[in-house]
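Rule-based calculations on the coordinates, nothing more; no lab input. Not measured: the values here are computed from a predicted model. With ideal geometry, Cβ positions are generated from the backbone for all residues, glycine too; neighbour counts draw on all protein chains shown.
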Amino acid sequence: MSGRIPTTGSPGLNDAAAMMRYDAEKRSVLVAYILWFVLGWFAVHRFYAGRVGSGLVMLVVSMVSWALTAIFIGYLGLFLIGLWLLVDALLIPGMIRSYNRGVIASLGR
């Protein structure tokens with residue numbers, strides 16, 4: 001190396017900036033599991049993983065089910081959400097990997 005400082009248009013700085021943006025925007029599997037464990041009934045782990053649509057569905061079903069437990073119908077919805085949470089425990093690594101790949105793809109544009 002010639003000892004020169006890279007200029008703004010150099011690939012070295014662009015790569016460093018892209019890595020910094022990736023580090024700032026990437027998601028962690030560990031954080032997703034913590035959110036799943038603590039706030040899973042409210043689908044916070046799905047929002048964190050960028051799955052907003054299914055997160056909203058899960059949140060609405062959960063809230064309606066909690067409200068309907070007074071007349072016992074809500075327990076069916078809570079059972080379904082519980083099953084969904086168990087499946088999500090297996091899907092979280094893939095959801096986070098997919099989100100992070102999307103971040104990488106957006107940096108390449």
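Tabulated data for the structure shown
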{"item": "Computed [θ] at 222 nm, helices only, for the chain once each DSSP H run of length n ≥ 4 contributes -39500 (n - 2.57)", "result": "-25000 deg cm²/dmol"}
{"item": "Calculated FRET efficiency for the pair V60/I104, C-beta based, R₀ 30 Å, to 0.05", "result": "0.45"}
{"item": "Packing-based ranking, highest mean first, of 14-26, 59-71 given that Cβ atoms within 10 Å are counted", "result": "59-71, 14-26"}
{"item": "Values of log10 I(q)/I(0), in the order q = 0.17, 0.18, 0.26, 0.30 Å⁻¹, for the range 63-109 under a Debye, Cα-only, solvent-free model", "result": "-0.62, -0.64, -0.84, -0.94"}
{"item": "Calculated diffusion of the range 13-107, Stokes-Einstein form, Kirkwood radius summed over Cα pairs, 37 °C and 0.692 mPa s, µm²/s", "result": "228"}
{"item": "I71-L39 FRET efficiency (beta carbon distance; Förster radius 30 Å; 0.05 resolution)", "result": "0.70"}
{"item": "Test item: Cα-centred dipole of the range 13-107, Lys/Arg +1 and Asp/Glu -1 on Cβ, debye", "result": "100"}
{"item": "DSSP H segments from the chain that extend 27 Å or more along their own axis, Cα-based, with Kyte-Doolittle mean of -1.0 or above", "result": "74-107"}
{"item": "Spin-label model distance (nm) - L80 vs A18, 7 Å beyond Cα toward Cβ", "result": "4.3"}
{"item": "Mean Cβ neighbour count within 10 Å, used as a protection proxy, ranking 90-102, 45-57 highest first", "result": "45-57, 90-102"}
